[in-house]
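Asker: Quick one: the structure is below, questions incoming.
The values are calculated or read from the model by the stated rules, or taken from the named source; none is laboratory data. The structure presented is a predicted model; accordingly, all values stated were derived computationally and were not measured. Here the Cβ positions follow ideal geometry from the backbone for every residue, glycine too, while neighbour counts run over all protein chains shown.
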Amino acid sequence: MIMRHRAGGRPGRRRLGRLFSLSLVVLVAAATTATAAPNTPARPTTPDLGANVTVFDPSTPVAEIQAKLDATYTKQVDNEMGTERYAYLFKPGSYGTAEHPLQIKVGYYTEIAGLGAAPTDVVINGKVEVYNRCLADGGTGNCLALVNFWRTLSNLTINVNAAGQDGCRSTANFWAVSQAVSLRRLNITGGGLSLMDYCTAGPQYASGGFIADSKLPATTNGSQQQWLTRNSEVASWSNGVWNQVFSGVVGAPDDSAFPDPPYTTVDTTPVSREKPYLFVDAKGKYNVRVPAARKNTSGTSWSAGLTQGRTVPLSDFYVAKPGDSVRDINNQLDRGKNLLLTPGVYDIARSIEVKRPNTVVLGLGHATLTATQGSIPLDVADVPGVVIAGVTVDAGLQKSPVLLRVGKKNGWGWSSSANPTTLSDVYFRVGGPHVGKVDTALEVNSDNVLIDHTWVWRADHGVEGFTDTQRWNTNTGRNGVVVNGDHVTATGLFVEHFQQYNTIWNGDKGTTILYQNELPYDPPTQADWMNGNVEGYAAYKVGNRVKTHTLYGGGAYVFNQNNPSIHTENGFEVPKTPGVVLNHIMTVNLSAGTIDHVVNGVGDAADAAKSGTPVYIVKYPTP
């Protein structure tokens with residue numbers, strides 16, 4: 001581990017007689033019960049995981065499961081800015097048959113997960129899918145996946161069976177999504193996987209996603225603009241638009257011809273830790289498996305048996321529900337409990353404080369913490385081994401300094417490279433369902449932190465009732481991510497639309513594997529988008545004092561729809577030193593605005609003349 005200081009009266013006879021008589025009755029009753037049912041163990045009961053968690057058993061009729069999931073999908077398929085949250089959990093066993101497959105469609109804020117110790121313990125004979133949404137002409141036009149956010153699929157086997165579906169949909173399991181959607185611990189057999197929905201009318205665009213710890217069949221990337229596949233195994237991979245990144249993937253495509261095709265392959269992942277998962281053991285008891293951190297690995301964590309790590313009984317968690325007070329939550333954390341957040345929206349007026357090493361905070365069904373009164377909803381101490389997973393953090397009406405903070409600035413740091421504090425599937429929103437204001441969404445001050453898939457989003461659309469011009473002055477967010485700690489690794493860093501630098505990386509010896517960014521759509525004028533005398537802010541800024549930093553696969557996109565004449569000088573801005581290396585980076589114009597250079601004045605302009613055509617730099621600095 002590393003410590004560092006940073007510049008911060010006895011009863012009467014009658015009563016005894018009654019007690020003696022009562023004791024005889026109890027003893028006789030107990031003996032009678034024992035004789036009637038000797039050695040009968042108590043059956044484990046399903047814990048109370050909240051009103052919006054449903055646990056299925058293999059004995060449940062397929063039609064009943066199908067009807068339940070179809071009803072939720074009908075409510076959630078268009079509920080992009082709603083407050084409902086759901087988790088559907090499957091006990092070990094098989095669901096669906098060849099004749100009657102279980103065909104699940106997944107809408108917003110829905111988690112589908114197996115409760116096995118291994119992904120092979122739960123088998124869905126059927127499909128688990130996401131389709132394009134059609135947003136115009138009464139449901140027949142502008143069909144795309146660009147806003148298919150906030151859904152989770154994990155820890156099960158999908159034995160692809162399209163019985164009863166039309167000919168086009170029989171070709172693969174469709175997963176047409178964009179940001180804040182994760183696939184983890186999956187075993188897909190019996191058919192292909194498509195990351196686009198080519199059966200619904202076009203344009204069929206999709207923009208971003210994440211797979212980890214999974215065994216995949218032949219996979220069609222199709223229209224996906226960027227994607228990260230980490231520590232997995234894939235039979236084959238075809239197509240790709242801009243950034244397709246593979247880290248520690250057995251069977252990953254060769255990247256020597258970059259950018260045609262636009263593949264980036266990192267043979268082993270330098271630091272990884274799989275997301276904690278809920279499972280039921282052989283005795284029917286509920287536990288959380290907390291995987292161990294690993295270094296320089298490839299392939300899945302479960303191919304050789306149980307994922308390395310520790311098992312924590314659910315009784316060691318405080319199971320929170322919306323409406324629980326932060327004081328009660330913090331008291332339980334102080335007593336050594338971990339925290340399980342059941343599905344719903346939690347209004348947070350003071351910080352949930354995670355102070356103890358190795359604490360686990362696990363959200364189900366996209367549990368959402370919303371800042372009120374300018375709070376920092378989640379504050380993690382400068383200690384090792386904390387795991388935050390499956391949580392969305394929203395800004396509120398009163399400006400917060402930060403939405404999630406890891407460690408204090410200028411404080412004493414206690415960290416461990418072998419046991420990094422880890423953020424897995426942690427998402428941030430500023431605006432969208434309501435007005436949001438923040439200075440910085442995610443601030444990492446600790447050393448040895450792992451960010452494993454995050455979407456940090458200042459909303460470019462929502463239900464607040466503002467025009468795009470009004471949004472610039474109403475939903476405010478200066479920076480998306482600020483990293484001040486050393487030895488921080490990010491695998492899957494998606495940061496979009498903030499009003500100054502979207503990402504600032506001040507810590508040394510940092511690594512990012514896949515960075516995706518859209519600059520803000522809504523600056524009204526060039527004067528609103530100036531960094532001193534420089535036109536605009538780079539999407540990704542590495543601090544001037546940093547000596548060592550590595551980025552694999554980065555993209556910055558521009559769509560200045562409010563004012564197409566606006567310029568941004570550079571997509572990436574880094575110190576000019578040999579230890580700071582950017583691999584496979586690009587900028588692209590999405591029809592409005594201009595990024596003049598890719599990095600530090602190098603690279604052609606991404607402007608309207610090259611709309612939709614990326615400008616690539618294979619490596620910076622050039623060898």
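Asker: Pick out the one residue from V495, V546, V534 that is β-branched (V, I, T), closer than 23 Å to I566 by Cα and either surrounded by fewer than 19 Cβ atoms within 10 Å (Cβ to Cβ) or touching a Pro at 6+ places or on another chain (Cβ under 9 Å) (or both).
Answerer: V534
Asker: Looking for something part of a strand (DSSP E or B) and under 30 Å from D267 (Cα atoms) - is there at least one such residue anywhere in segment 310-326?
Answerer: yes
Asker: Answer yes or no as to whether E274 is under 22 Å from V406 (Cβ atoms) and surrounded by fewer than 17 Cβ atoms within 10 Å (Cβ to Cβ).
Answerer: Considered against the rule, which asks whether it is under 22 Å from V406 (Cβ atoms) and surrounded by fewer than 17 Cβ atoms within 10 Å (Cβ to Cβ), E274 comes out as no.
Asker: Right, next: Of T300, T264, T268, which residue is within 17 Å of S232 (Cα to Cα) and surrounded by fewer than 22 Cβ atoms within 10 Å (Cβ to Cβ)?
Answerer: T268
Asker: Does any residue of segment 446-459 turn out to be part of a strand (DSSP E or B), over 23 Å from G396 (Cα atoms), modelled with pLDDT of 95 or more and of a type in the set (G, A, S)?
Answerer: Within segment 446-459, none of the residues are part of a strand (DSSP E or B), over 23 Å from G396 (Cα atoms), modelled with pLDDT of 95 or more and of a type in the set (G, A, S).
Asker: How do the strands (runs of 3 or more DSSP E) wholly within segment 122-181 filter down when requiring 3 or more residues that are at pLDDT 95 or above, charged (D, E, K, R) and in contact with a Gly (Cβ under 7 Å, 6 or more places away or on another chain): which remain?
Answerer: Result: empty, no element qualifies.
Asker: Take the residues of segment 241-256 that are surrounded by 24 or more Cβ atoms within 10 Å (Cβ to Cβ) and within 26 Å of L590 (Cα to Cα): which is modelled with the lowest pLDDT? Even if it seems obvious, please write down each step before you answer.
Answerer: First pass over segment 241-256, keeping only residues surrounded by 24 or more Cβ atoms within 10 Å (Cβ to Cβ): 243-249.
Next, from what is left, pick out any that are within 26 Å of L590 (Cα to Cα): 243-246.
Details: N243: 92, Q244: 96, V245: 98, F246: 98.
Once the filter is applied, the top-ranked residue is N243.
Asker: Right, D379: more than 30 Å from K215 (Cβ to Cβ), in contact with an Asp or Glu (Cβ under 7 Å, 6 or more places away or on another chain) and either in a loop (DSSP other than H, G, I, E, B) or at pLDDT 95 or above (or both) or not?
Answerer: Working: more than 30 Å from K215 (Cβ to Cβ): yes; in contact with an Asp or Glu (Cβ under 7 Å, 6 or more places away or on another chain): yes; either in a loop (DSSP other than H, G, I, E, B) or at pLDDT 95 or above (or both): yes.
The answer is yes for D379.
Asker: Moving on. Give, as residue ranges, the strands (runs of 3 or more DSSP E) completely inside segment 551-613 that count at least 2 residues that are among the hydrophobic types (A, V, I, L, M, F, W, C).
Answerer: 580-592, 594-599
Asker: Just one of the numbered conditions (1) within 27 Å of the chain's Cα centre (by Cα); (2) surrounded by fewer than 18 Cβ atoms within 10 Å (Cβ to Cβ) is not true of V618; which one?
Answerer: (1)
Asker: D508 versus (1) under 14 Å from L551 (Cα atoms); (2) in a strand (DSSP E or B): which is the lone unmet condition?
Answerer: Condition not satisfied by D508: (2).
Asker: Being more than 21 Å from T45 (Cβ to Cβ), under 24 Å from the mean Cα position of the chain (by Cα) and of a type in the set (S, T, Y) is the filter here; which residues of segment 306-342 pass it?
Answerer: Result: T307, single match.
Asker: Could you list, in sequence order, all residues of segment 336-372 that are touching a Gly at 6+ places or on another chain (Cβ under 6 Å) and surrounded by fewer than 18 Cβ atoms within 10 Å (Cβ to Cβ)?
Answerer: Listed by number, the residues that qualify are P357, N358, T372.
Asker: Another question, if that's okay. Just to be sure I understand, how many residues within segment 416-439 are surrounded by fewer than 24 Cβ atoms within 10 Å (Cβ to Cβ) and either of a type outside the set (D, E) or under 20 Å from the mean Cα position of the chain (by Cα) (or both)?
Answerer: Selection size over segment 416-439: 9.
Asker: What are the residues in segment 598-618 that are within 18 Å of Y540 (Cβ to Cβ) and touching a Lys or Arg at 6+ places or on another chain (Cβ under 9 Å), if any?
Answerer: The answer is N600, and nothing else.
Asker: Which condition breaks for D486 when tested against (1) surrounded by fewer than 24 Cβ atoms within 10 Å (Cβ to Cβ); (2) assigned to a strand (DSSP E or B)?
Answerer: Only one criterion is unmet by D486, namely (2).
Asker: Further question: Give the residues of segment 90-121 that are assigned to a strand (DSSP E or B) and at positive phi, sorted by residue number.
Answerer: Of all residues in segment 90-121, those assigned to a strand (DSSP E or B) come to 90, 93-95, 102-105, 110-114.
G93, the sole residue that qualifies.
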